[in-house]
Every structure is written in structure tokens, then in C-alpha cells.
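Step one of this worksheet: look at the structure below.
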Amino acid sequence: MKEYECFRSSSPSPFFGSASTSIRAESKLNLASNILKRLFRPRSRRYLPVVPKFGRGMDINLFKLCSGLKVIGYFMILLVAAIVAVSYYAVVVLTCGPQLFRGGVHSFLAFFIITVFHVLLVMLVWSYIMVVFWDPGSVPDNWRAVLSEERLEAGSSSISSDYAGPETLDSTLPFSDRLDGGRPVAYCDRCQNGKPPRCHHCSVCQRCVLKMDHHCVWVVNCVGACNYKFFLLFLLYTFLETTIDTLVLLPSFIEFFGKAMNHSSSPGNLAIIFLAFVLNLAFALSLLCFIVMHASLVSSNTTSIEVYEKKRAARWKYDIGRKKNFEQVFGTKKALWFLPLFSKEDLDNIPALHGLDFPTRSDV
């Protein structure tokens, strides 16, 4: 305001009632600039709204909202049960059941289809229960990684697991492996614990998961090192089951429109057959894509989270050959490859099944 008053006293302006016309153009521009600056000057910092920042050490964490996905997962379990019930009624009761009493080839074919249907259904439910209730892999308390000198001399770069109490965790780590005042380099601030290789924190389960692939809403659980095989078997048997259901219901689906026009069948039965066919076809096509994707991941010993990391690497250090990559997920016992089980020998001899130790390539 002082600048403005000095200017007005020295050079009268027509804007304030003066009739003078001898003001220079430069002075007019300066006056206009001063007025604009005073009218549209930026707010003081003290009047700006405070925007909360969410980060480490803050009480508010938006990722905790992800835990609401668990509620959705329970509805997904009910949805899976409903789809199985509708498919069972459409295939066994409405389609194949009446064919059992016709005799001849029709009865044999219907009996064969019902048998295969029930075998796949048992394997599907078994695998589903295992992947839902089996722990995907939890990090032991006070976990730390130790690079053994013997393994380094032998030319191996694998990381061995060790456990330490809270009083010895910091003192046993070298300076190069510490961060933020003695914490291990691979450290989860949320779990307050070390992070083994290929371990990631799940915002839905609110914990770290060993060799985490993803959190699956359909099973209300994470897919990790300890239940990845069960998840793959669940995908496989669900795909086979839905494919058989689609093929069995296809003739009835083709006849659906004719029967609906002639009213030759119950509207309720027609609706169930139509719904079962559409659902099984949709699931079969989508599961085929998932099976192809996970078959590629298993063959290269990669998880869904590690895909982008693998692209940046010239050679993926965990890819030790297709056979050994497959055995790290399914084990070495061929009799148990298609069962949601592990042999005691595989659990003792394959550390990767526990999710803590993973062999790596010697040339990386």
C-alpha cells in the first residue's frame, strides 16, 4: 500500500478521479501489475489446507481398507458352492440321470460321465479346501538371512535361513547388511520382521507371505510357497469339470430354444440348464487362460509378482531348469503330482517347498 500511495501522490491517475493525461505508458503498466498482484496474490501457507500424508510411521494406513476384501471372499465361497450345486443338478439330475434307465449305450455313457464328474468334483473340492485353509507360508519370528562362507567357497549363491533372538539379531549382522540402525536390508516395517527372498507383504492378510504369488479373492487366502500346488490343482480340476459340464449340456442348450417355444419342458429346468451352461462355458474359457499363464510361470520358476522383475534381468536367477522348477512346486513323487499332498521326503529334501531357501543359477 505504501508503494501505491507514493505512486498516487507523485503521479495522479485517471483511475482515482484525476484528469491528468501525462502519465507514461510504463507507469500505467506498473500500476496494473501492482493491482493484479495485490488482488490475486497467493495465499499464505498458514491458510492452506493440511493434506495428511500416508507413509511409514503414520497411524492412518489406506492399505488396511484392503482387508475388506476378506468379506467379499466369503461371498465368493458361497458363490462357488452355488455354482457347483447348479452344475450338479443340471448334469447329474436333469441330463445324465434319466439316461441311466434307457439301457444300452446311453446308460453306459451316462454312467461314465457321472463317474468322471464325481471324481473331478471330489478332487476339485479337496484342492479347494486345501488352498483355502492351508497356510501359504509365514515368516518365522526374528528371521534373518546368513550367507554361509562354506557355500560361497563352493560357488553357490543360495541363501540359508537362520533364526536369532531379539537380543542377538542386530549383533550378528554385518554392517553392510544393516539399514536404519541395525535392521536387516530386507525388512518389513509393518510386520517388524526380516523378509526372506521372494517374500512380499499382503495388504489384505496384513502379513508377509513366503514366495507370494497373489491374493486370491475366490479362496480368501494368499497363494504362496506352501499352497501354490493346491491352487494350481484347483485351477486344473475346475477347468476339467467345467469343460465336461459344457460338453454334456451343449445338446440340451441347443434344444433349449425349441423346448421353450413348444413348452415341452419345465421352465425351471430349462432355466437351470441354460444358466449352468453359460456359467460353465465362461469359467472354462477364463480358467484356460489362467492355466496357460501359470504353466509358463512354473516352467520359469517365477511368480506373478516377479514377472516385471524378471523382464529387467538378463537371466532369471531362480530358473534352474524346467524339471527342477516343476519339482519345486509339485515335488519329486510322481504319484502325488495330481494330489493336493506332499510326501515327507519331498518336504525334507526340497527347501523351496517351505518358502525360505531357493537354489539359484551358478552363472548369475
Exposure rank, largest accessible area first [PHE256, PHE111; 1.4 Å]:
PHE111, PHE256
Are any of the pairs LYS311/LYS344; LYS211/LYS311; LYS195/LYS334 more than 24 Å apart by Cα-Cα distance, and if so, which?
LYS311/LYS344; LYS195/LYS334
Extension length gain for ARG361 and TYR308 (0.36 nm per residue less Cα distance), in nm, is 17.2 nm
Expressed as a whole percentage, what fraction of the accessible surface of the stretch 273-364 belongs to carbon and sulfur atoms when a 1.4 Å probe is rolled over the protein heavy atoms?
64 percent
For 204-211, 353-360, ranked highest to lowest by mean beta-carbon neighbours within 10 Å, the order is 204-211, 353-360
Computed lengthening from HIS214 to THR115, 0.36 nm per intervening residue step minus Cα-Cα distance:
32.3 nm
In this structure, the FRET efficiency calculated for ASN349 and TYR187 from their beta-carbon separation, with R0 = 35 Å, to the nearest 0.05, is 0.70
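With a probe of 1.4 Å, find how much accessible area the stretch 262-364 has per residue, and write the answer as a whole number in Å².
That works out to 59 Å² for each residue.
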5 Å is the cut-off here: which amide hydrogens, built 1.01 Å from N in the peptide plane, fall below it relative to ASN142, excluding neighbours closer than 5 in sequence?
GLY194
Ignoring ligands and nucleic acids, what accessible area does THR246 show with a 1.4 Å probe (Å², nearest 10)?
20 Å²
Rounded accessible area of GLU327 (nearest 10 Å², 1.4 Å probe):
40 Å²
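The values are calculated or read from the model by the stated rules, or taken from the named source; none is laboratory data. Not measured: the values here are computed from a predicted model. Cβ coordinates were reconstructed from backbone atoms using ideal geometry, including for glycine residues, and neighbour counts include every protein chain displayed. Heads up: the accessible areas ignore ligands, DNA and RNA and are worked out on the full protein's heavy atoms, side chains in. Shrake-Rupley method; radii C 1.70, N 1.55, O 1.52, S 1.80 Å.
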